[in-house]
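This report concerns only the one structure given below.
The values are calculated or read from the model by the stated rules, or taken from the named source; none is laboratory data. Not measured: the values here are computed from a predicted model. Positions of Cβ are generated from backbone atoms using ideal geometry, with glycine treated the same way; all protein chains shown enter the neighbour counts.
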Amino acid sequence: MLECPRCKKLYNPDPHKFACNKCGELLDAKIILDRVRPSWNDRFERRIHVWRYRDLLPEIDNENIVTLYEGGTPLIKLSGSNVYVKFEGLNPTGSFKDRGMTVGVSIAKSIRVKTIIVASTGNTAASAAAYSARAGIECLVVLPKGGVAKGKLVQAILHGAKIVEVEGSFDKALDIVITTVVNSKVKGLAYPLNSFNVWRLEGQKTLAYEVFEEIGIPDWVIVPVGNAGNIYAIWKGFKELYELGLCNKLPKMIGVQAEGASPIASAWIRGLNIPLFTDNPKTVASAIRIGKPVNWYRAWRAVSESGGFFTIVNDDEIIKAQKILGKEGISVEPASASSMAAYLRLINEGVIDRKDLTILVATGHGLKDPDIILKDFQTMSVKNIDELVNTVINLNST
Ligand code: F0G
C-alpha cells in the first residue's frame, strides 16, 4: 500500500504514484508485514545482495529483475574503535544508489518503460545509466553544468546515457525533470528514478537489513544528507525489522549536511520546523550540494522518530575526514566523508560515547572525484637510485 504521511490517505501500489492527490506530500510505501513474517528466513537460500530481501521489496517477476549484484557491501571496523564503516562505494557503480536503482529499473522494465530520466549530482546518473543499459532502456540524465565530479560523468557516458546539462544547481535540474515527467506533453513517456520515487527508496532500505544481520542494531547511524531520501530509507529498514519482531531496539539516526548546503540541518539546529531552503548551495562535497531537498519531510520524520538529530560539518572537516579514512584503506568521495567528519566532532563534543556502536554510511567511492584528492598532492622527486634508497631507509626509521 501507499500511505500519505500527512493526511493518512491510502492508495493502491502504483509505479507512477509518488505524491498524495489531496495534500501533495510524498507517499510512504507500507509493506504488509503479516505476509512477510513466515518467509523472512527464506533469505538464507539467497546470496547477500539486495534481492536476498525480496520478501520485503516490491513484487517483481524474476525475468524482469535487473541486477548487477548490488548490496552485500563490507562493514569495516575502524582500528581501536566501536565504529564501523558501511562501505557503499563497493557497489557496482560505486555508490548506494545501486540498491535503489536495481528496484527502480526492474519496475521500469516490468511496466515496459522505454526511457528513464533522472536529475543528478552524479551518482544517480552513473547508476541509472548502468542499470538502464543492462535493461536495454534509454536513459536521459539532467546534470547541473560544472557541478558533477569527473568520475561520475565518465560512468554515465560509458553506459550510454544521453546527457543534458543545465545552468544552475541540482535543484534546477530536478525541477526540470519533475516538470518534464509530470506537467509536459511527454508526461508518462519517461520514468523518473530520482529519490522522490518511493520504489527506488525501498531498495535503499536493505542497507539496514545487512547491518542488522552482521552486527545487530547499532546505537547510532550517521548518514550524509543531500536530497534526503537515503536516511529515510535506512530508517525505514530498521523500523521494519522492529515491526517484524526481529529486534527490540532501534538506532538513533544522525543526518549530516555540509555547511553551505544545509537547509535541513540549519533549520533543525535553530528549532524551526521547515527547512531553510537556499538557491545557491556551496560545498566541496558536490554529491550533496543541494539547496531544496525534495524528501526533507521524510528525512525529518525519520530523524525525529529515531530520537536523533541533524548536524553540520564544514569543508575542511570533510577533507580531513576523507584523508583519515584513506589512511584506513577506505577510499570515499567528500560527501561520504561527511559522516566521519560528523563522528569526529560529536565524539569531541561528548554527544557520542567512544563505546557506542556507531555506523558511518560511506555513500560513494573516492575514485569518483579524483580532482579533489589531486588538488593538494605533490609527488616526491629523486635524482638517482641512492636518493631512492635513502628514502626507503627514512621510511623504515619512522
Ligand atoms: N552521498 C552521495 C555520495 C550521494 O551521491 C548522495 C546523493 C548523497 C550522499 C545524499 O543522499 O540525496 O538520499 O540524501 N546524490 C544524489 C545524486 C543527489 O544525484 O547522485 P540523499
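Per-structure values
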{"read-out": "Options 288, 312; residue that is modelled with pLDDT of 95 or more and more than 10 Å from the ligand (Cβ to nearest atom)", "value": "312"}
{"read-out": "Residue match in region 78-87 (condition: basic (Lys, Arg) and in a helix (DSSP H, G or I))", "value": "no"}
{"read-out": "Unmet requirement for residue 63, which otherwise passes all of (1) modelled with pLDDT of 95 or more; (2) farther than 15 Å from residue 107 by Cβ", "value": "(2)"}
{"read-out": "Matching residues, region 27-54, being part of a helix (DSSP H, G or I) and surrounded by 18 or more Cβ atoms within 10 Å (Cβ to Cβ)", "value": "50, 51, 52, 53, 54"}
{"read-out": "Count of region 1-58 residues which are of a type in the set (Asp, Glu) and touching a strand residue (DSSP E or B) at 6+ places or on another chain (Cβ under 9 Å)", "value": "4"}
{"read-out": "Positions within region 143-159 being assigned to a helix (DSSP H, G or I), within 14 Å of the ligand (Cβ to nearest atom) and touching a residue at least 60 places away in the same chain (Cβ under 8 Å), in sequence order", "value": "151, 152, 155"}
{"read-out": "Evaluation of residue 303 against (1) in a helix (DSSP H, G or I); (2) of a type in the set (Val, Ile, Thr); (3) in contact with a Lys or Arg (Cβ under 7 Å, 6 or more places away or on another chain) (one fails), failing number", "value": "(3)"}
{"read-out": "Failed item, numbered, when residue 113 is tested on (1) over 22 Å from residue 367 (Cα atoms); (2) within 19 Å of the chain's Cα centre (by Cα); (3) more than 10 Å from the ligand (Cβ to nearest atom)", "value": "(2)"}
{"read-out": "Flag for residue 268 being touching a residue at least 24 places away in the same chain (Cβ under 8 Å), aromatic (Phe, Trp, Tyr), assigned to a helix (DSSP H, G or I) and farther than 22 Å from residue 49 by Cβ", "value": "yes"}
{"read-out": "Some residue of region 209-217 being closer than 23 Å to residue 312 by Cα and either touching a residue at least 40 places away in the same chain (Cβ under 8 Å) or within 14 Å of the ligand (Cβ to nearest atom) (or both)", "value": "no"}
{"read-out": "Residues being more than 10 Å from the ligand (Cβ to nearest atom) and in a helix (DSSP H, G or I) - total across region 291-300", "value": "2"}
{"read-out": "Any chance residue 256 is within 23 Å of residue 127 (Cα to Cα) and more than 12 Å from the ligand (Cβ to nearest atom)", "value": "no"}
{"read-out": "Some residue of region 201-213 being over 22 Å from residue 361 (Cα atoms) and of a type in the set (Phe, Trp, Tyr)", "value": "no"}
{"read-out": "Region 229-247 residues that are more than 16 Å from residue 359 (Cβ to Cβ), paired with ones that are away from the ligand (no atom under 16 Å from the Cβ) and in a helix (DSSP H, G or I) (beta carbon under 7 Å, 6 or more apart)", "value": "240/56; 243/33; 244/33; 244/36; 244/37; 244/40"}
{"read-out": "Answer residue from region 372-391, given it is assigned to a helix (DSSP H, G or I) and surrounded by 10 or more Cβ atoms within 10 Å (Cβ to Cβ) and is nearest to the ligand (Cβ to nearest atom) among those", "value": "372"}
{"read-out": "Residues located in region 68-86, provided they are closer than 11 Å to residue 362 by Cα and either more than 16 Å from the ligand (Cβ to nearest atom) or crowded, with 24+ Cβ neighbours inside 10 Å (or both)", "value": "74, 75, 76, 84, 85, 86"}
{"read-out": "Residue list for region 326-357, restricted to those being within 16 Å of the ligand (Cβ to nearest atom) and part of a loop (DSSP other than H, G, I, E, B)", "value": "330, 331, 333"}
{"read-out": "Residue identified as surrounded by 18 or more Cβ atoms within 10 Å (Cβ to Cβ) and either out of contact with any Pro (no Cβ under 6 Å at 6 or more places or on another chain) or at pLDDT below 95 (or both) among 162, 152, 185", "value": "152"}
{"read-out": "Cross-chain or 6+ apart pairs with Cβ under 6 Å, region 127-142 first and over 25 Å from residue 167 (Cα atoms), then part of a strand (DSSP E or B) and hydrophobic (A, V, I, L, M, F, W, C)", "value": "132/116; 132/139; 137/116"}
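Yes or no, residue by residue, for (1) touching a Ser or Thr at 6+ places or on another chain (Cβ under 8 Å); (2) among the hydroxyl-bearing types (Ser, Thr, Tyr); (3) surrounded by fewer than 24 Cβ atoms within 10 Å (Cβ to Cβ); (4) under 19 Å from residue 362 (Cβ atoms):
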{"site": "215", "(1), (2), (3), (4)": "no, no, yes, yes"}
{"site": "234", "(1), (2), (3), (4)": "no, no, no, yes"}
{"site": "257", "(1), (2), (3), (4)": "yes, no, no, yes"}
{"site": "266", "(1), (2), (3), (4)": "no, yes, yes, no"}
